[in-house]
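Colleague: Handing you this structure, nothing more for now.
None of the figures in this text is laboratory data; all of them are computed from the coordinates on show. Nothing here was measured: the structure is a model prediction, and the numbers come from that model. We place every Cβ from the backbone using ideal geometry, glycine too, and count neighbours over all the protein chains shown.
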Amino acid sequence: MKRFMALLLSTVMLIGIACGCSKKEEEKADDITVKVGALKGPTTIGVLNMIKNPELEGVKGSYDLTMATDASEIAAGLNSGSIDIALIPANLAAKLYNTTEGGVTVIDINTLGVLYCVTGDDSVTSPADLEGKTILTTGQGNTPEYSLKYILAANGIEDYELDFRSEASEIAALLAEDPDQIAVLPQPFVTVATSQNPEITPVFSLSDEWDKASDDSRMVTGVTVVRTAFLEEHEGNVAQFLEDHALSVDAANNDVETTAQLTADMEIVGNANVAAAAIPNCNIVCITGEDMKQALSGYLQVLFDQDPTAVGGSVPGDEFYFIG
């Protein structure tokens, strides 16, 4: 009997090892409210349902959302600890990782290419037509600036001027007044601009132009990071956030009407109909694990090759990524 029990115990242990089980129990979420920061725009749209839609089934976490128009506000919140998880530009995540010596960890990609060149100037149909032009854009020192510079360089464009503005809504208003101006805007503000003045049209997608210029990377607009200290203390809550984020992204892409109303309620755009037209073009995603690592590391390497300061001086290594 003792021999049988010993054999049975050994078998159970082997099965546990084969299943990837260990003595450590799966991390459980603590009963806390996770403080989330997000930039006003498509990155925020991806989390609206999990935070602002009580009808969304399956969400188990508790969240408090802070939305900002300036990425530096979100960065300051992460540094001070007033924000636990943040949705920020991809290159800013790398900068923060380097400046804080590993103080943040990336947990997912939340938006892919959402940037478009828009204008009413008929002479502009491709990046090659931007030689000698002034381009309105947001995101100085972040994804819009570096992505645009990369695409212009890939097309041999050296003579141009970037006119940086603090908010995409400001650029949309300027285009409404003068449609011949040229701008790079993210969705949903592309749809806002075109709805305000029918002379304005998107002439090319920066994501498409990136794909033409690079064979081994994808354009990544936004990622989600967590304070590493918070991850170490509350890994269960981070895992729960990822599950809830996936549900929220699915709702954003498949229940556009509800998400559009939430977008209008949060004043990301002022009109739910405009938001509904824009959301399908916002490339809202929740990419995690090895797929996240592969896409993001390739993107950051391209930025580093262009300008090391774009990612804070070095491309983060494996420890930057939470694979789960």
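Colleague: Using a Förster distance of 56 Å, how high is the FRET efficiency between S123 and S62, based on the Cβ-Cβ distance and rounded to 0.05?
Modeller: According to the calculation, E is roughly 0.60.
Colleague: Please report the antiparallel percentage of DSSP beta bridges with both residues in the chain, rounded to the nearest 5.
Modeller: 55
Colleague: Mind putting a number on the dipole of the chain about its Cα centre? Charges go on the C-beta only, +1 for Lys and Arg and -1 for Asp and Glu, and I need it in Debye to the nearest 20.
Modeller: Using only the charged Cβ atoms, the result is roughly 1400 debye.
Colleague: Could you give the distance between the Cα centres of region 112-163 and region 270-293, to the whole Å?
Modeller: Here the two parts' Cα centres lie 22 Å apart.
Colleague: Just one of (1) 5, 21, 30, 27, 14, 3, 0; (2) 6, 25, 35, 24, 9, 1, 0; (3) 6, 26, 32, 21, 8, 4, 2, 1, 0 is P(r) over Cα pairs in 10 Å bins from 0, in percent as worked out from the coordinates here. Which one is it?
Modeller: For P(r) over Cα pairs in 10 Å bins from 0, in percent, the calculated option is (3).
Colleague: Still on this structure, I have one more. When the convex hull of the Cα atoms of region 115-213 is projected onto a plane and the area is averaged over all directions, what value comes out in nm²?
Modeller: 5.3
Colleague: Another one. Return D121, D215 ranked ascending by Cβ neighbour count within 10 Å, so the fewest neighbours appear first. Numbers along the way, then the final one.
Modeller: Working: D121 17, D215 7.
Lowest count first: D215, D121.
Colleague: Do the sum for the chain: with -39,500 (n - 2.57) for every DSSP H run of n ≥ 4, divided by all residues, what is the mean residue ellipticity at 222 nm, to the nearest 500 deg cm²/dmol?
Modeller: -14000 deg cm²/dmol
Colleague: In addition: Of the candidates Y160, Y63, Y116, which one comes out as most mobile in a Gaussian network treatment of the chain with C-alpha springs shorter than 10 Å?
Modeller: Y160
Colleague: Right, something else. Taking the Cα centre of region 115-213 as origin and charging only Cβ (+1 Lys, Arg; -1 Asp, Glu), how large is the dipole, in debye to the nearest 20?
Modeller: Charge dipole, region 115-213, about its Cα centre: 340 debye, nearest 20.
Colleague: Looking at the chain as a GNM with Cα springs under 10 Å, which of T221, T125, T259 has the largest mean-square fluctuation?
Modeller: So, out of T221, T125, T259, the one fluctuating most is T125.
Colleague: Whole angstrom only: what separates the Cα centroid of region 65-79 from the Cα centroid of region 186-216?
Modeller: 26
Colleague: Quick check on the exposure proxy: order S123, S147, S214 from fewest to most C-beta atoms within 10 angstrom. Each step should come with its number before you reach the end.
Modeller: Values: S123 9, S147 30, S214 17.
In order of increasing Cβ crowding within 10 Å: S123, S214, S147.
Colleague: Further question on the same structure: Expected output is a single nm value to one decimal: the length gained when fully extending between T69 and E101, i.e. 0.36 nm times separation in residues minus the C-alpha distance. What is it?
Modeller: 9.0 nm
Colleague: Moving on. Beyond 21 Å between alpha-carbons counts as too far, so tell me which of K40/K212; K95/K293; K95/K149; K95/K212; K35/K60 fall in that bin.
Modeller: Distance filter (> 21 Å) returns K40/K212; K95/K212.
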